[in-house]
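Worksheet: the structure to be examined is printed underneath.
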Amino acid sequence: MSEKILVVDDEREIADLIEVYLKNDGYTVYKYYNGTEALQCIEERELDLAILDIMLPDVDGFHICQKIREKFFYPVIMLTAKVEDSDKIMGLTLGADDYITKPFNPLEVLARVKTQLRRYTRYNVGKESAKESAAESVGIDIRGLRISRDNHKCLLNGNALTLTPTEFDILWYLCSRRGSVVPSEELFEAVWGEKYLDNNNTVMTHIARLREKMSEPARRPKYIKTIWGVGYTIE
């Protein structure tokens, strides 16, 4: 069964082009030129990924992303003609998994889609296998933070953390390298599978979102600590 992808962009040429490439690769595409119809689709359809333009004539992509994250955990890729860091940080803070600036090569979009869907598929396979197994999965336990890659569960002091697949992969990578400082470049390339570029705030924004979900104080976090100029560590 082909994955179902939502594409929202008021520039018809761009939306149509993305649709062609996705359909040629076997995906089912729900395409809209405005946010209102996209929001209705989100409620009515079972989706596997969303590609959202930020600037729409009615409801912007930030609002759509926020609505998705209220109920769903499938990947969200943001599209925008802007290159401002503030827009990128806003989208990632609201729960977006990736960010592509226009103009772009459609093959790049296709590659990003495949990367995000692989992560999301691993996440859901882990959840299904956990349902079938009565035995507790072996994981990592760090002072009340328990994370298991087998069933993609994460508990903090016995309470389940609701993480997106990207957030889970970041936390797992840091936990699996407990005691070591992980450079931002290494973390980005390990989780996103792409070359790290200078001035990339993606890792920083996701770390901030993780800390928020873990109720971690920004100045003195108990778990994810920042080593300024180097990266992050969990001791």
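The values are calculated or read from the model by the stated rules, or taken from the named source; none is laboratory data. Only a predicted model underlies this, so the values are computations on that prediction, with no experimental measurement involved. All Cβ positions, even for glycine, are placed from backbone atoms using ideal geometry, and neighbour counts span all protein chains on display. Just the protein is used for accessible areas: all its heavy atoms, side chains included, with ligands, DNA and RNA removed. Shrake-Rupley method; radii C 1.70, N 1.55, O 1.52, S 1.80 Å.
Computed from point charges on the beta carbon alone (+1 for Lys and Arg, -1 for Asp and Glu), the dipole magnitude for the chain about its Cα centre is near 1160 Debye. Between GLN66 and ALA160, the modelled labels are 2.6 nm apart [label points 7 Å from Cα along Cα→Cβ]. Stretched out straight at 0.36 nm per residue, the stretch from ASN201 to GLU189 would grow longer than its current Cα-Cα span by 3.0 nm.
The alpha-carbon atoms of the chain define a convex hull whose volume equals 127 cubic angstrom per residue. If amide hydrogens are placed 1.01 Å from N in the peptide plane, which non-local residues have theirs closer than 5 Å to the one on LEU145? Residues meeting the criterion, in which the H sits 1.01 Å from N, are ASN157.
Among the listed pairs LYS4/LYS31; LYS4/LYS71; LYS195/LYS225; LYS114/LYS225; LYS23/LYS67, which are separated by more than 20 Å between their Cα atoms? Distance filter (> 20 Å) returns LYS195/LYS225; LYS114/LYS225; LYS23/LYS67. The residue among TYR27, SER180, MET204 whose Cα reaches farthest toward the positive pole of the charge dipole of the chain, with charges on the beta-carbon of Lys, Arg, Asp and Glu, is SER180.
Within the listed set THR164, THR101, THR202, the residue fluctuating most in the Gaussian network model of the chain (springs between alpha-carbon atoms under 10 angstrom) is THR101. Per-residue ellipticity at 222 nm from helix content only, as computed over the chain with -39500 (n - 2.57) for each DSSP H run of at least four residues, stands at -14000 deg cm²/dmol. Mean-square fluctuations from a GNM of the chain, with a 10 angstrom spring cutoff on Cα atoms, peak among SER184, SER215, SER148 at SER215.
The residues of the chain have, on average, 50 Å² of accessible surface per residue, using a 1.4 Å probe with all protein chains present. For trypsin sites (Lys or Arg not before Pro), the sites in segment 20-109 that DSSP calls loop and that have at most 15 other Cβ atoms within 10 Å are ARG45, LYS82.
Heavy-atom accessible surface of ARG146, to the nearest 10 Å², is about 70 Å², with a 1.4 Å probe and all protein chains retained.
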